[in-house]
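Let me begin by presenting the structure, written as structure tokens, before commenting on it.
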Amino acid sequence: MSPAVMNSGAARDGGAAITSDPDYLVRPARQDDIEALVRYEIEIAVVSFAAEAITDPALHRKRIAGALGKPGEITLVAAARQQPGSPLGWAWLSARTNSLTGERYGNFRSLAVSDVPDRSRIAELLMGAVLAAADEHQMGQLTGKVHAGNLGMRALYRKFGFTATHLTMERRAGS
């Protein structure tokens, strides 16, 4: 885990920074971040599903608004310290319960960073903050999906100890 990650208790307090990076902060996502987060969600959809991506801003707005502040939802934004109200990245992890075992786990839903010079650094700060919050919420296992062609996210997952455990195979009609 990144040494820049501090206690993630601030993830619940509505606005305090939760990293000690000198240039960037990671904070809970807020209502006034929604439009930027919608753009990230659309970008993630396009990267993941190409022509089949759901790009309706209203749908993404509704999903994000429903998650902000909801128990079990970890929604974090990275921003430059000089501009804390302007998101440069976004991460979303949802708490889930295994229906067979009753164990809690985290479902990694989103991580996206703007195309800026420190993109990798910001992604690592977000991932570290998500992992710290997941630990605080006693999520012993985290799962996440990534498109096979998304090499950057695959590398980030690996860097933080995720391993590939399942492979989704698809067959399209007419193939």
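Quick notes on this structure:
- When T75 is tested against (1) within 17 Å of P22 (Cα to Cα); (2) within 11 Å of the chain's Cα centre (by Cα); (3) of a type in the set (S, T, Y), exactly one condition is not met: (1).
- Listing of strands (runs of 3 or more DSSP E) fully contained in segment 59-115 that carry 2 or more residues being surrounded by 12 or more Cβ atoms within 10 Å (Cβ to Cβ), without any contact (Cβ under 8 Å) to a residue 60 or more places away in the chain and among the charged types (D, E, K, R): 104-113
- In segment 126-154, the qualifying residues are those that are within 19 Å of D115 (Cα to Cα) and either surrounded by fewer than 12 Cβ atoms within 10 Å (Cβ to Cβ) or among the acidic types (D, E) (or both), and the one that is modelled with the highest pLDDT is L151.
- Any hit, segment 46-58, residues being in contact with a strand residue (DSSP E or B) (Cβ under 7 Å, 6 or more places away or on another chain), under 16 Å from G89 (Cβ atoms) and either free of Cβ contacts under 8 Å to residues at least 40 places away in the same chain or not small (G, A, S) (or both): no
- A single entry from A36, A29 fulfils the requirement of being within 13 Å of the chain's Cα centre (by Cα), surrounded by 18 or more Cβ atoms within 10 Å (Cβ to Cβ) and small (G, A, S): A29.
- Residue match in segment 51-62 (condition: within 22 Å of K159 (Cα to Cα), of a type outside the set (A, V, I, L, M) and under 15 Å from the mean Cα position of the chain (by Cα)): no
- Just one of the listed residues (I44, I54) is closer than 21 Å to T168 by Cα, β-branched (V, I, T) and not in a helix (DSSP H, G or I), namely I54.
- For segment 157-172, the criterion of being assigned to a helix (DSSP H, G or I) and under 24 Å from T97 (Cβ atoms) is met by at least one residue.
- Residue-level check: of (1) over 14 Å from the mean Cα position of the chain (by Cα); (2) modelled with pLDDT of 95 or more, S48 misses just (2).
The values are calculated or read from the model by the stated rules, or taken from the named source; none is laboratory data. Everything quoted here is computed from the prediction, not taken from an experiment. Cβ atoms come from the backbone with ideal geometry, glycine included; neighbour counts cover every protein chain shown.
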